[in-house]
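In what follows, a single structure is set out as structure tokens and then discussed.
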Amino acid sequence: MSNIDTVKQIYEAFGRGDIPAIIDKLDPNVEWDVEVSTPGVPWLQPRRGAANIPAFFESLTPLSFQRFEPHTFFANGNKVFVLVAFDVTHVASGKQYTFPYEGHLWVFNDAGKAVKYQHVTDTALHQRAARGE
């Protein structure tokens with residue numbers, strides 16, 4: 001299975017809400033958003049270790065996803081970069097946000113497990129979405 005196939009399976013699992021299936025694709029020592037911390041955005045905080053990744057998904061509960069479409073995949077060696085379009089609503093405020101080109105960088109080890117995941121995104125828009133502004 002290619003690394004792109006693995007990433008597609010991760011996104012399919014996300015769509016089903018199957019977090020254990022996602023964790024299964026991660027190295028136990030995965031680094032998740034460790035390059036940049038975004039103040040005020042609970043889902044864009046550094047996490048280390050697969051055991052800490054469910055907290056990422058739990059941190060998304062203020063949002064309701066109307067659309068989540070990974071639409072462009074790039075691979076180079078052990079890296080996969082994905083452009084994702086998604087629309088979310090901040091549940092409490094009802095405000096809607098569109099992210100047409102969210103970037104996700106995945107890095108894999110030789111065993112095909114993700115060792116690193118990093119958002120490449122409009123952090124200011126994420127901050128507004130986190131506050132419901």
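The values are calculated or read from the model by the stated rules, or taken from the named source; none is laboratory data. What you see is a predicted model; the values in this text were computed from it and never measured. FYI the Cβ positions are ideal-geometry reconstructions off the backbone, even for glycines, and counts take in every protein chain you see. The protein model used for the area step is the full one, side chains on, heavy atoms only, and it has no ligands, DNA or RNA in it. Shrake-Rupley method; radii C 1.70, N 1.55, O 1.52, S 1.80 Å.
Mind telling me which of the residues L44, L83 ends up being within 14 Å of V7 (Cα to Cα) and either modelled with pLDDT under 95 or out of contact with any Lys or Arg (no Cβ under 6 Å at 6 or more places or on another chain) (or both)?
L83
Of all residues being in a loop (DSSP other than H, G, I, E, B) and in contact with a Gly (Cβ under 6 Å, 6 or more places away or on another chain) in the range 78-120, which is least open to solvent (accessible area, probe 1.4 Å)? Just the residue, please.
Filtering the range 78-120 for residues in a loop (DSSP other than H, G, I, E, B) gives 78, 91-95, 109-113.
Those left that are additionally in contact with a Gly (Cβ under 6 Å, 6 or more places away or on another chain): 92-93, 95.
Working: A92: 95, S93: 55, K95: 97 Å².
Among them, the one singled out is S93.
Looking at the structure I just gave you, is E102 among the acidic types (D, E) and under 18 Å from A13 (Cβ atoms)? Spell out the reasoning first.
Numbers: among the acidic types (D, E): yes; under 18 Å from A13 (Cβ atoms): yes.
So E102 passes the test.
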